[in-house]
1. From the set of residues in region B:251-264 that are buried (at least 19 other Cβ atoms within 10 Å of the Cβ) and within 14 Å of another protein chain (Cβ to nearest Cβ), which is farthest from residue C:160 (Cα to Cα)?
2. Residue under question is residue C:170, and the condition is that it be more than 20 Å from residue B:283 (Cα to Cα) and touching a helix residue (DSSP H, G or I) at 6+ places or on another chain (Cβ under 6 Å); does it hold?
3. I'm trying to understand the selection: among the residues of region A:174-196, which are crowded, with 17+ Cβ neighbours inside 10 Å and free of Cβ contacts under 8 Å to residues at least 12 places away in the same chain?
4. How many residues are touching a strand residue (DSSP E or B) at 6+ places or on another chain (Cβ under 7 Å) and either within 28 Å of residue B:146 (Cα to Cα) or away from chain C (no Cβ under 14 Å) (or both) if we restrict to region B:409-441?
5. Checking residue B:357 against (1) buried (at least 17 other Cβ atoms within 10 Å of the Cβ); (2) closer than 27 Å to residue B:237 by Cβ: exactly one of these is not met. Which one?
6. Name the single residue, out of those in region B:33-78 being under 26 Å from residue B:206 (Cα atoms) and in a strand (DSSP E or B), that is nearest to the other protein chains (Cβ to nearest Cβ).
């Protein structure tokens, strides 16, 4: 009897702690979300309004956000698909032909770890010379570095799971290496491709530093850069800023949660299968 | 999904090309947020009159604008055709900006008959010059003002209470020492009867803001007879931070006194070290403070704030208790763009600084005028209350350095001042001397 | 099965050499795009950076770019601002990351096997997907001095308002807090996967033996979890060196240098205030070396050669 009481209390405490942690961790997201629906009179109040008393959609008519949304979509999706293609090919070479060995693979992973600020300045100087500043192509190229780097690792771990007997069998049946790749490996590695696409998209979407250095206006600037230039402005319009923040964070949250099962493997470079 | 993206990309590209094909010249203009909306509006008006010229205005924060512009001019990439530049960056952008005196001499047909060069305020024009070249036409004759709550200062109840407490009448402070008492009086923590939570909204963050707030306090010492005797008259190239022969002038008791004056006000301000203009403007707008040193253009926000209605009775404007600081902006043209674009850009510059434009951006956006005729215009004086106060303030305002090393000096100084005010490093002449040594190093290394 | 593979190998033997060469060519062809990408986009900037770190190149000054030897590197040791930002980066590594580890692992243990596990997991992962910039915006609102909800919560307990961004300690707290909020879910995600991989029969056996919760964790779960924890820790340490967006959006490194991270200081020196490229390159190179050391550690811990079967057969 006493023991059951104790275990019940423990269970309640357990739920209470979980809910408390969730409240703290989700509070910033919650605050952005409600502010996006607050009219101007509720942005700064005391006590603060913990939900919009007079909800409005007016904040979502953010002036001039569309080009930035377009840039983010174009750059992130291009990076996602190109990095999946490049890393699938490289991973195939490494997984099946052991080319380069540990050294090469190690070099690839170190590219993912490169702090962006270290290449930002030299790239700026080079981009000026070759006219890639403030272009989609310029951004796509830099964001391929981290995404291809981890993409290769993720793909290797997926390809290793495809039994080698399968390609051997196809090969014996008279298929060339390229045909084997196209008809055997590619269809079987599609979930790996999906993992790389999803993760590359989410990462590129959120990236800020290189975009802020390498772009200058709405022709190529992405959403985070658009958000970044507001806080130091004269007049901080919290409502529209929060609305823009909400628009910026929704796609990665949605995609990340829908494709949750790919996250673990992607984030640990294939080391954890999840 | 992919197909759709590609289709969309193509669609957008086609659309962009169609738009650009119609206009024969497309100019790209980069501006800071304070002048952004006014230039957007001017660009629209200009496009109506000149259908063959299109202007894309992009607004970026100060922290982004300056490095962007500098890099563009240094690399000679010609990304920006027209730019607003903070006059204190004159030295560093000089090499890439077109000399307008020469340009307008060669293309005198561009200048409209009624442009009237003599009407431009001489100081504003001089701030657009570097080494004798006119590298920018003055656009925004910005300076710092002292905003206060007129209704509270004029209220007999508070006047009486203040007199009982301090033995002198309540009035808008004219020195920082006076400001301390008033700020204390209007801070709830020290005076439960105060109608406002805090006395004064101050901004001493570790950004470029700190660098222009210091001269408000240092100016009175630097420009005092003693200061002038010790350091010589202020040279517009080096500004108030320097002696007349280009040595740091703040590493002494005057610099220390200025910092102490800043520190003395801090207890009566909401989070001064963590607030920048966004926050202080908000605090004053919401009626949380009784005073607020701020630039000219935030008046437009104060005017429309529900807590400050009716604006004519609640918002008072006075000269800064210490001294104001110049925050001028000029419009420049890149050297590294084709002549055709330069001509189109020059047309826009002349348009944006014309009498008509100066008056309209003043009334619509609170852009402080660069023309004498507008300062004298009764219509303008009626529209914006600070117009009348400006001529006197321009006489006494202080300047920041305009030498090429300015940004580097600034980045070091912001940190040192912030650490001194927050007590991280001692607030002593020694610390100021250390900062001055850093300055010497930056100045001598190149 | 075994017989057939052996037969296969025997059949292939005579042509093996030419096949090998052909395969190699294909393999090189396949790996080429990745190699070219990295060579052009990362190695070239890297060489450029090494070169400029020995010069006084500065975009705001004409006539710079001369060779000045190791001066930039010596300068780092005499620059309190550089040392201050290295210190703050160390704080992120030494304070935020351990807290992330503890909460991340703990949350996994808390939700394991209870009703609503899936929902809790989903909700907890949200903040990991959010761009750091957005966190900066919400922090500006939440920690505002006069209107922020953080001070409101404090006022409920009778604590007077705190100037969060105005004091070194509290500003540092805000940045570390944001980092914890954003990255604890990452630790959770990985260690939770480890938790799921603990064989159920071991857990059952321990329960039958009457093991306490702590004993269960220490003797059964932890041994499996260990390698997952290492992976999470090292990836997190390397990423923590990059902290930038949150600082850019909230404190701008202030007050003083209290919240200026290494990455942020490089940005300030190299981009924001006048493009002092020479000095910024020297600072960046040091950062690169620090993260390279951690990356090497990661490769060892991941036991790269074995987990990905990279060793050449035979």
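1. Of everything passing the filter in region B:251-264, B:259 is farthest from residue C:160 (Cα to Cα).
2. No: the conditions fail for residue C:170.
3. Within region A:174-196, just A:177 meets the criteria.
4. 1
5. (2)
6. Per the criteria, the residue is B:58.
Residues are listed down the side, and each one gets a yes or a no for (1) more than 23 Å from residue B:414 (Cα to Cα); (2) away from chain C (no Cβ under 14 Å):
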{"site": "B:223", "(1), (2)": "no, yes"}
{"site": "B:230", "(1), (2)": "yes, yes"}
{"site": "B:233", "(1), (2)": "yes, yes"}
{"site": "B:243", "(1), (2)": "no, yes"}
{"site": "B:249", "(1), (2)": "no, yes"}
{"site": "B:289", "(1), (2)": "yes, no"}
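Residue by residue, here is whether (1) within 11 Å of chain C (Cβ to nearest Cβ); (2) more than 30 Å from residue C:284 (Cβ to Cβ); (3) more than 19 Å from the chain's Cα centre (by Cα) holds:
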residue: A:19; (1), (2), (3): yes, yes, yes
residue: A:30; (1), (2), (3): yes, yes, yes
residue: A:66; (1), (2), (3): no, yes, yes
residue: A:112; (1), (2), (3): yes, no, no
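The values are calculated or read from the model by the stated rules, or taken from the named source; none is laboratory data. Please read these numbers as outputs of a predicted model, since none were measured by experiment. Please note: Cβ atoms are built from the backbone with ideal geometry, for glycine as well, and neighbour counts cover all protein chains shown.
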